[in-house]
Structure formats: structure tokens, C-alpha cells
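In what follows, a single structure is set out as C-alpha cells and then discussed.
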Amino acid sequence: MASRFIQNSFHQQESQRPSRAMSEHQRSKSEKGGQRVHHKSHASHHYNPLVIPCDWVLAENHAKARRVARELEVENQSTCPCCGYSIERTDLEYDCDPLEMKFLGSGFPLFYMFIKYCIFILVEFWLLKGMFCLATDLMGDYCYNQEKIKIQQKEHHSIHDHLNQQHHHHKHKEDNSICGGSLWHFVSLANVYDREDIRNLQSNLSLVVVFANMVSFLFFRKAQRSIDIEVDESQLTPSDYTICVKNIPKLNEDYREVLKNIFQNYAADGRELFVTKIVLVYNLDEVIELEEALKEMIREKQEYLFENGMNFTDFKVKQLDEKLESLEQKIHQKEHELFINREKFAGIAFISFLTEEMKQLVLQHNPHTSWERIKAFFNNGLTGDVKEKGLIFEGHKLYVEEAPEPNDVDWEFIHIQTGQKVKSRIIAWSISISFMAGCFFLIWFLSELAERMNEQVEEQEKKGIKDSLTQTIAFLTSQSISWTVVFFNKFVIGKVYHLIVDLEKISNKTKFNISFARKQSVALFINTALISLVIDFYITGNVIGKGGFIYNESNVFLLNAFIPPIVWFVDPWSIQKDYQRQKQQKNIKNCVLTQQEANEIMEMPDYSSAKRYGDIMKTMWFTFFYGDIIPLGILFSIMGLTLYYFVDKYNVLRRRTIKESLSKHLSIEMIEMLELIIIFTGIGNTIVSSILFGEVKWQDFIIIIIGVVYILLPMEDISSVLFPLEQKDEVQSYYEAEEYFNTDYDRENPVTRREILHEIAKKK
């Protein structure tokens, strides 16, 4: 089969046609933090991203073009020369339907639907069980009776001495039956410590909640698929017509001609197809190295101008300008060499067809499994069984899959080999584990400190001493645990895990955000729920006592519900950006920013969907893990997520720049992770019951089994069978749809972008 591919006569090579018009949906690369500096220099003959001093009018126009707003439908629109976005735009209303944000891609309507369903599931939890648990906990009298006992003990010195001895005996392991007596204890499971009948009723309701959740998840998946189909049918994008082909072997022939012949004649069981465009992926390591040198030289020029004044006729400045120009020419030359040098081809190609139907035919006729890819990885890409279904070329099975959107591809990392990625991810996981270990020891230290301070206060009370300073320190130390957890969650963990996931060298932004959201969610949950559990349950043994587990986690519930939306509303990131902007504009005469840097500083801060998903997932897991023991936490979480929804939507529409076009796969992955709340319900209840009451409820055991089975089942497929939704293929051909595209693969590919944008500029 392989030899037949090469011996067939090839069609004449199809030229890579640029789009016919340049609107909002036809632009150069969506900017990314730390983006390479020279790639946008050719969107216009007059635009130079490296020029110093910068033009602030251009920068302000760029900010207008990058804001989250619809493009105005007017003739002869003004566009930003660096990114190609239209400047004239109209803002969306704050109370708009999230579906109106579909011009940003399906990711944003899906995200806001995700928050709504999370709120619905929490309300379901509250109505079916939370209210009952709170009411019965309030009706309990265990903690009230404990307080009466403590008062009696203070009145009897003989009992005092006896308890003193017991206290020293249990210094490092508290008695779990002693209630702390705070407000949090009266509205928690601690207040029915001696009422097994009530606890049994609460356990029965857990089963009701789990079954309700399972039904809700099926409708949730249906709603998400419905939104994705609606957005997809209303938006024309290159991925509607394009596949991504991987594991292409090294050849001494023209890859485009070979691939065109294969996919026009052999990819759909002999049906003749029509390939409109082929964009190859290249190893960019040499280009990236030159770009880093270019950035360093720009920094050198900026430092010299800052220290010696804005004298552009200075000999040193002219020397640096000549070096910069020479280095830019080298980069352009290297890009051209990559285009014609077959050795730098990375074995990956984006292939577009005339119709979406043709694309779907190729995907249907060329399936592959993860096991096939694993075997090929250990066999240098070769396929062991030539009888496998699909395209086998030169001993390599061509892995055909859905293509991500052009601006979803991370062209810097897509060429990285699997072995190198595996090593990078092992390093990333190692750093992640080390970081979480550090968080554990910090919270352990604070817990021990709080424990000692509370012991000191109790000792003083028994002796009749009232030291307000010691009591204040003890209170603040206990509070510091929950505040530290919330502070780390909001300001530290997100930044750390963004850096960790950067090390993984992921090939597209959706996969990057999936990895980021997964790791951040797990880290937030460990930091919020599990570390305190291990310390309070197994090390100090202080579960329902003063300053113990219930006290700390109740505080975390309260702070976790309200601090994130409040911080998000105050938005210190926007305040910082405003300060930087004003600082530079006040010093315009001595401003050494390049035009690109001025453009970036005028933009609103970047928005990260993965961080938002991580915040929400942490709240959901945490609530279902501890919702039974602290039912008031369910109500806090409902209020917190509701506030979060409105604040986040406001920030997206008014205070953020969107540089992501994420696919439905992130939302699907988040639903899979959300479904873990079933298992967390059973595990959380089991741990609390076994440690606090020395028993394991059969209901919780059943819930864990149900949760495991539910997670293992292909729920997306089951939802599709139960709620079938029809998705129509695009009726327009690739050439008809091309003028409506956001961008295209050749305009995003760093190697081909310069020439394509140059052609577009000439046509305009």
C-alpha cells in the first residue's frame, strides 16, 4: 500500500490561498503573554513592533481592537495593523445571554452553563439533604451539654486537677468526644454526636442526593452538547474542514504532494476527495533561539536609552539598530529555510478539505487507538501489524484526528517528540508533589502552633486567669490556618501550577488548559480539604474540639465562598495593569517601550479559563466532601458560586482580554472531573464516621461503589444515546467559508505566516 501511494501520479500542487478579505475574523496570531517579538511586523507595510519610541495612539487602537466586544458591521472598517482585529466594536450588555459570546468560541457559553449547573447541583444537595442536616444539627444538644459540663468543671477545683492530669496525658492526641463549643460546632454534625438515629437518617438522604446527581449529570451533558452544536453551526472556522495528521515518516519528496495524493485518493476507501490546503509543522528550536537573542538585544537597547537619554543618533544606538535589523533578517531567512528543508519537518500536518463531509469521511475511515500509538512509540513510529485498519505509509500508520482551531495550536511545542514530553511531565509532577508537601508542612506548623496556644488558654482558664493578649493570639493563630489556605488558593497555587504546566510542553491550548485545570483542581482540593483532614484527624486528633477540624473547615467554607468573588471583583490584576499603564504614559518623553510592549500594556489583563474552572471544581469537591459534617457550608458555596458567576461575567465583558479559543473538550473534561463528587461524598462520610464514631455506614459504602462504576462508564456516549442531537455538516465549501474564518493554519504557523500576511496586505 505504501509503495502504491508514492508511485501514483501526483496532482499539481495546490497553492495555499490566503483569504479574500480582512475582517475581525481574519487576523494574525492571537497574542500570548511573552509572545515572540517579530511575528506581527508584516501585517502592514508601515507597522514595526520593535520601534522605539512607541506610538500611543496605535497602542490605544490595539486595546480597542482586543476588547471583548462584537465587531460593528460597517464598510471600510479600521483594523489594528499588528493583529488585524477591527477597532470599531460594540459592547455586549452585562445581562446578555452567554450564547451571545459565541464569537469568542464555544468555550465561554459552555463555561457559564457549567457554573449554572454547578449551582443547580448544590441547590439540589441543599434541598434534598443540607436543610435537613442543618435543622437536625441545630436540634441536637451535645455541644450545649458539653458547655454545661465545662462550667461545672470550673466550679469544682477537685475535678479541675483531675482534668489537668488527663489533659497532659492527651497532649498530642485530643479526645474526639469533647466539643469545642463555638457557633460552628452547634450547626455541624458535632452537635448530634450522641444521636445515632439522626445520623442514620442523614446517611439515607446521601443516597437520594447521589441518584439525583447522576440524573442531573446526564441532562448537564446534553445541555453542553446542545450549546456546542449551536455555536459550531453558527460559526465558520477552519477546523470544520481540517484534520490533523501525525506520525508522518521522513521522506525525500515533497510532503505536500505526497500527502495530497494519499488523502485525495486513498483516505476514504477509494472515494475521491479534494484537498484545499496542507500546512506542515516544523521544528522551531532554531527560530526560538534566535528570537530569544532578539529579545535580549532589545532589552540592551532599552537599558542604554534609559541610562543615557533618548538620543537615537547616538553611535551605540545605531549599532544596536543595525544588529537588530540583521538578526530579524536571520530569523526571516531561517523561517524560509525551514519551509524548504525537509529535515526540519516534524511529522505533523494540517490538511483541509473542500467540504466538511469529506473531512468526516476521512475521520470515520481512519480510526486509531491509544494502544496503537503506545506500540508505535516503542517501535520508532513503525506499525507492527500492517493489517491494521487505516492508512499505512512507509511502515507508519498515519494517525488522523480532529484538528484544533488554528489559534488553539501551540506552534512552539507541537513539534516536540513524545519521549521529550514524557520526561518534561515527570519533572512537572515531581515539582508539583514537592510544592504540595511544602503546603502540608506549613499548615501542619500552623495547626501545631494553634493547638499549643489553645492549650495555654485552657490552662489559664482553669487557674482562673484571663489573659486577653494570649486569647487574642490563640484566636488569630487558629484563624491563620483558614486564611493561609484561602490565600494560597487564590494567589499562589494558580501561579505555581501555570509554571509547572508550562514545563510539560503541551501541543495546544485546550490540552494545556485541561492539564492546568486538572492539576490546579487537585492541588486546591488537597490544600483546602485533605491536608487539614490528615493533620486534624490523624496527627493532632482534634476533630470537634476547640480550634480543631470542624472549626477550621467551617472557616474555610465561609472564606472560600466569599473571598474569591470579592478579590475577583476588586481585581488587583487590573489595578496593577492600570498603574503600569499610567506610569509609562506619564513619562512619554523617556518611555523606552517598543510598540509591541506598548500594545500589550494597553490591553486588559489576560483571562484564563483553566483558573476559573479550578476555582469552581475545588468548591464543588470540597462541598460534597464535607457537606454532611458541615451542612451550612453547602449554603455558603451556593452563595459564593452565584457571586462568582456575576463577577466573572462582568470581568470578561469589561476588564479582560481574551486570547484563547478553546474547544468543547475542556468542558467535557471538567464534567468528568465534576462527577467525582459522587465518590467524594462516600469517601468523606466514611472517613468522618470511622474516625469520629468508629463506624462505617453501609450507605456510604454503596455510594463509593456507585461512584466508581459511574466514573468508569462512558457517560458521554450514554448521554448521546439517551439524548440524540443532530449536528449538520457545513453546507458551504471551504472556499466559500474562507472569508469568514477567524484565522487559518498558514497564518498562525510561524514559518508561513509572514508570507501569507504579506500577500493579504498586498491584496488589501
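A few notes on this one:
- Overall size of the range 585-725 from C-alpha positions, given as principal axis extents largest first: 74, 42, 23 Å.
- Computed extension length for residue 579-residue 313: 92.6 nm, one decimal, from 0.36 nm per residue of separation with the Cα-Cα distance subtracted.
- Spin-label model distance (nm) - residue 491 vs residue 713, 7 Å beyond Cα toward Cβ: 4.5
- Taking 0.36 nm per residue of separation and subtracting the Cα-Cα distance, full extension of the segment from residue 251 to residue 321 would add 21.1 nm.
- Pairs with C-alpha atoms separated by more than 18 Å, drawn from the list 511/659; 490/519; 102/664; 490/664; 246/334, are 490/664; 246/334.
- The H on the amide N of residue 508, modeled in the peptide plane, is under 5 Å from the matching H of 410, each at least 5 residues off or on a different chain.
- Convex hull volume per residue in cubic angstrom - Cα atoms of the range 354-429: 133
- Its residue count N sets the reference 2.2 N^0.38 Å, and the alpha-carbon radius of gyration of the range 493-605 equals 1.57 times that reference.
- Treating each Cα of the range 650-764 as one equal point scatterer and applying the Debye formula with no solvent, the log10 of I(q)/I(0) at q = 0.10, 0.12 Å⁻¹ comes out as -0.66, -0.79.
- The range 182-223 and the range 264-315: distance between their alpha carbon centers, rounded to Å: 55
- Inter-centroid distance (Cα atoms) of the range 323-399 relative to the range 83-97, Å: 37
- With each label modelled as a point 7 angstrom along the Cα→C-beta vector, the residue 721-residue 196 pair spans 4.3 nm.
- Separation in nanometres of the label points that stand 7 Å from Cα toward Cβ, at residue 293 and residue 441: 4.2
- Relative contact order (%) - criterion: Cα under 8 Å, at least six apart; region: the range 531-688: 30
- Taking the Cα atoms of the range 229-337, the ratio Rg/Rh between the radius of gyration and the Kirkwood radius comes to 1.23.
- Rolling a 1.4 angstrom probe over the protein heavy atoms with all chains in place gives the range 583-636 an accessible area of 29 Å² per residue.
- Total charge dipole magnitude, the range 676-741, about the Cα centre, Cβ charges on Lys, Arg, Asp, Glu only, Debye to nearest 20: 760
The values are calculated or read from the model by the stated rules, or taken from the named source; none is laboratory data. Since we're looking at a predicted model, the values are computed, not measured. When we count neighbours, we look across all protein chains shown, and the Cβ atoms used for this are built from the backbone with ideal geometry, even at glycine. Heads up: the accessible areas ignore ligands, DNA and RNA and are worked out on the full protein's heavy atoms, side chains in. Shrake-Rupley method; radii C 1.70, N 1.55, O 1.52, S 1.80 Å.
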